[in-house]
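Down below is the structure, laid out as structure tokens.
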Amino acid sequence: MTIRHFLSTQDWNRNDLDRLLDQARGFRESKAGMQLEGKAIALLFFNPSMRTRTSFELGACQLAGKAIVLAPGKDAWPIEFDVGTVMDGETEEHIAEVARVLSRYVDLIGVRAFPKFQDWSVDREDRVIQAFAKYSSVPVINMETITHPCQELAHIMALQQHLGTDLAHRKYVLTWTYHPKPLNTAVANSALQIATRYGMDVTLLCPTDEYLLDPRYLAFARRNVAENGGSLTISHDIESAYRGADVVYAKSWGALPYFGRWDQEKPIRDAHRHFIVDEAKMALTNNGLFSHCLPLRRNVKASDAVMDSPACIAIDEAENRLHVQKALMAELAAQPGVRNSGFRIG
């Protein structure tokens, strides 16, 4: 029997996503449930986490399940992902064994693994999460790799809270912002996907063509526009992008042509500190909402005035991580063929 994973929202149709969002709204109103009774989830964090770990652990608990948190290379053995490797280095066990053993213990597996930031042609293959999905016999959840699908759902849920469930043709600006370090493109990739999936008129605002997202995600966005309406515009002009916007979503990311060569990108990035989201830019919008996935460096990515304004819905979005992930875990754990691990409270 084929097990359904949650690696990307592009793998799920709109009806499926809407059903998850409906269930998440139910969990926002009533937190407790028994959907994970007798079930457990292993949460593997290859990178640090605050909101993701808290919301998944707490969500499993609120649904009467159990979360096992592991940090490979720290409190669990380092894992090898390449096939055919002679494992005489730092890694102690292979993903082929790790995923299959965990599948015997738990009912769901969550994975958070950022790119290595050395070679985008390698990182874009998303090898870690894909390897877990290949070898696991239980559903695998992407807790952020080169996309962040759980954040996508939380983001759309927050927009629907404030703008209504029909987001078609709302002007949505996904803006690059300055950050002193080059960051993952995951949230930007995901924001582009989900905003176009819900028929919004999306403007991708970035300083130069060097900051365009991977062609794969631009292609997904164009396909989404063709299927769901809305539009996609690429802009390097701050004023025209912001003007009339209903939503401004900010994120920093590194320029892919300089991936792994950040010292060469730094002068370009440093020259565009003015991309910060501030009061003057938000004044150009249509009383627009502002959000960010968090964490956010204040007065670098967005000003204090923007973060503390009624227009900022970043906290709503962060809260929604808990609700959408509960809906997701409940949905995946209820699949035919997902066995019960036998966990019991008490």
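The values are calculated or read from the model by the stated rules, or taken from the named source; none is laboratory data. Here the structure is a predicted model, which means the values were calculated and not measured. For neighbour counting, all protein chains shown are included, and Cβ atoms are generated from backbone atoms with ideal geometry for every residue, glycine included. All accessible areas refer to the heavy atoms of the entire protein, side chains included, with ligands and DNA or RNA removed. Shrake-Rupley method; radii C 1.70, N 1.55, O 1.52, S 1.80 Å.
Given the pairs Lys31/Lys134; Lys39/Lys301; Lys181/Lys281; Lys171/Lys266, which span a C-alpha to C-alpha distance of over 29 angstrom in this model? Mind showing how you got there, number by number?
Details: Lys31/Lys134 33 Å; Lys39/Lys301 40 Å; Lys181/Lys281 23 Å; Lys171/Lys266 31 Å.
Pairs exceeding the cut-off: Lys31/Lys134; Lys39/Lys301; Lys171/Lys266.
Taken along the Cα-to-beta-carbon direction at a fixed 7 Å, the label points for Ala76 and Glu210 span 3.8 nm. Taking amide H as placed 1.01 Å from N in the peptide plane, Phe290 has its amide H under 5 Å from the amide H of Val248, Cys312, Ile313, each at least 5 places away in sequence or on another chain.
May I ask for the net charge around Ile315, where only other residues with Cβ less than 13 Å from the Cβ of Ile315 are counted and Lys, Arg are +1 while Asp, Glu are -1? For residues surrounding Ile315, the net value is -2. The trypsin sites (Lys or Arg not before Pro) of segment 47-104 meeting both criteria, a DSSP state outside H, G, I, E and B (loop) and at most 14 other C-beta atoms within 10 angstrom of the site's C-beta, are Lys74. Carbon-plus-sulfur accessible fraction, the chain (probe radius 1.4 Å, protein heavy atoms only): 51%. The simple Förster model, with R0 at 41 Å and r as the Cβ-Cβ distance, assigns Glu92 and Arg223 a FRET efficiency of 0.50.
The long axis of helix 149-163 is offset from the longest Cα principal axis of the chain by roughly 50 degrees. The order of the peptides 120-131, 182-193, 263-274 by mean Cβ neighbours within 10 Å, most packed first, is 182-193, 120-131, 263-274. Once the convex hull of all Cα atoms in segment 35-161 is built, its volume per residue stands at 125 Å³.
May I ask you to compute the full-extension gain from Asn13 to Ile68, defined as 0.36 nm times their residue separation minus their alpha-carbon distance, rounded to one decimal in nm?
Working it through step by step, the gained length comes to 16.8 nm.
For segment 292-328 and segment 143-184, write down the distance between their C-alpha centroids in whole Å. If you average the Cα positions of each part, the centres end up 10 Å apart. The long axis of helix 14-29 is offset from the longest Cα principal axis of the chain by roughly 80 degrees. Here the label points at Arg297 and Ser309, each 7 Å from Cα along the C-beta direction, are separated by 2.2 nm in the simple model. Per residue, the accessible area of segment 122-203 comes to 24 Å² when a 1.4 Å probe rolls over the protein heavy atoms. Label separation (Lys116 vs Asp237): 4.2 nm, computed from points 7 Å beyond Cα along the C-beta direction. Across the chain, the volume of the C-alpha convex hull divided among the residues equals 138 Å³ per residue.
Note on segment 208-346: with charges restricted to the Cβ of Lys and Arg (+1) and Asp and Glu (-1), its dipole about the Cα centre is near 600 debye. Using the Cβ-Cβ distance between Arg100 and Asp270 with R0 set to 56 Å, the FRET efficiency works out to roughly 0.75. Which of Gln325, Ala221, Val300 sits farthest toward the positive end of the charge dipole of segment 195-346, with +1 on the Cβ of Lys and Arg and -1 on the Cβ of Asp and Glu? Result: Gln325, furthest along the dipole toward the positive end.
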